[in-house]
1. Can you name every residue in region 38-55 that is over 17 Å from GLU125 (Cβ atoms) and either outside any loop (DSSP other than H, G, I, E, B) or under 27 Å from the mean Cα position of the chain (by Cα) (or both)?
2. Would region 54-63 turn up any residue that is closer than 20 Å to LEU141 by Cβ and at pLDDT below 90?
3. Looking at region 98-138, which of its residues are of a type in the set (Phe, Trp, Tyr) and part of a helix (DSSP H, G or I)?
4. Please state which one of GLN165, GLN184, GLN116 is outside the structural domain of LYS53 (by TED's automatic domain parsing), modelled with pLDDT of 80 or more and closer than 30 Å to VAL61 by Cβ.
5. Name, by its number, the condition in (1) modelled with pLDDT under 90; (2) out of contact with any Ser or Thr (no Cβ under 7 Å at 6 or more places or on another chain); (3) assigned by TED's automatic domain parsing to the domain that holds MET146 that does not hold for PRO8.
6. Step by step: first the residues of region 168-214, then only those that are surrounded by fewer than 14 Cβ atoms within 10 Å (Cβ to Cβ) and of a type in the set (S, T, N, Q), then the one that is nearest to the chain's Cα centre (by Cα). Which residue is that?
7. Can we say PHE71 is modelled with pLDDT of 85 or more, farther than 23 Å from PHE128 by Cα and not in a loop (DSSP other than H, G, I, E, B)?
8. Which is touching a strand residue (DSSP E or B) at 6+ places or on another chain (Cβ under 6 Å), surrounded by 12 or more Cβ atoms within 10 Å (Cβ to Cβ), more than 23 Å from GLU36 (Cα to Cα) and without any contact (Cβ under 8 Å) to a residue 40 or more places away in the chain, of LYS70, LYS77, LYS95?
Amino acid sequence: MQGLRLGPNDGKEPDTLKVAKRLEAELGEDQASFIEGDPRDWDLLPPPDGFFKVGIDGDYVRNWFDKKHKFEVIVGKSILRFEEDEEEDKTPSLKRFGFVQTLDTQSKRRLYEVLQSQDLQMNQEITFLSDGDDTLRALQLEISPMATHLLDWHHVTMRLTVLAQYGKGLVQCEAVLGEPIRDQIDRLKWLLWHGQVDKALGKIDDLETSIEPFGETMPGSLDWSKRCRNCARTS
């Protein structure tokens, strides 16, 4: 496309922008809950076709016009799959969505409409995968009564890895006190991997108590233990 120049549009609005504005206007109002109908009626619905898996994540993007500032973008992918014996006759459905967190006022409605376009039913299994961020959790809640919310292990290990680095630093500063703390961190990772959330939360309580004396020399340690607590609660 070398030599292609995009000049003025003779005062006319670009077609892509027109379509985007029309779609935005057609989008319904946001709601706290999109769970529909009476629970007694869900069992009377036709058997659903397939099952959903929805992955959602967020990241920061640099502002093109103001390089010093960034804004948060939430993106996701919804996949409708079928059982192995059905996949020969039915093609999996894949939809993507995205929005700017600080600007979008209809984010939950947007997710709901994506799922509706794939014919989600109230009696259909759907699994949400995210990093446990409060904003992402709120986005997923009250979408379906059959929803399962999972914290993906990648984000858990990212936070535990940073906490483990603090543990190594403590060993170098205070070997006698640091070694037990590092062992507690290793134990915490094992508990989370094996789904023992209650014990993991108790272990985080122990860690916060053990790390507290180092708050001044290593102030970030308590912050990361609290983030691990949030991870455990959402796993």
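1. Once the filter is applied, which keeps residues that are over 17 Å from GLU125 (Cβ atoms) and either outside any loop (DSSP other than H, G, I, E, B) or under 27 Å from the mean Cα position of the chain (by Cα) (or both), region 38-55 yields ARG40, ASP41.
2. Going through region 54-63, the residues closer than 20 Å to LEU141 by Cβ turn out to be 54-58.
From what's left, at pLDDT below 90: 58.
Yes; the residues of region 54-63 include at least one that is closer than 20 Å to LEU141 by Cβ and at pLDDT below 90.
3. So in region 98-138, the residues of a type in the set (Phe, Trp, Tyr) come out as 99, 112, 128.
Correct list: TYR112 only.
4. Numbers: GLN184 fails: closer than 30 Å to VAL61 by Cβ; GLN116 fails: outside the structural domain of LYS53 (by TED's automatic domain parsing).
After applying the criteria, what remains is GLN165.
5. (3)
6. Only one residue fits best here, namely THR209.
7. Details: modelled with pLDDT of 85 or more: yes; farther than 23 Å from PHE128 by Cα: yes; not in a loop (DSSP other than H, G, I, E, B): yes.
The answer is yes for PHE71.
8. Details: LYS77 fails: more than 23 Å from GLU36 (Cα to Cα); LYS95 fails: more than 23 Å from GLU36 (Cα to Cα).
Testing whether each residue is touching a strand residue (DSSP E or B) at 6+ places or on another chain (Cβ under 6 Å), surrounded by 12 or more Cβ atoms within 10 Å (Cβ to Cβ), more than 23 Å from GLU36 (Cα to Cα) and without any contact (Cβ under 8 Å) to a residue 40 or more places away in the chain leaves just LYS70.
The values are calculated or read from the model by the stated rules, or taken from the named source; none is laboratory data. Just so you know, these numbers come straight off a predicted model, no measurement behind them. Positions of Cβ are generated from backbone atoms using ideal geometry, with glycine treated the same way; all protein chains shown enter the neighbour counts.
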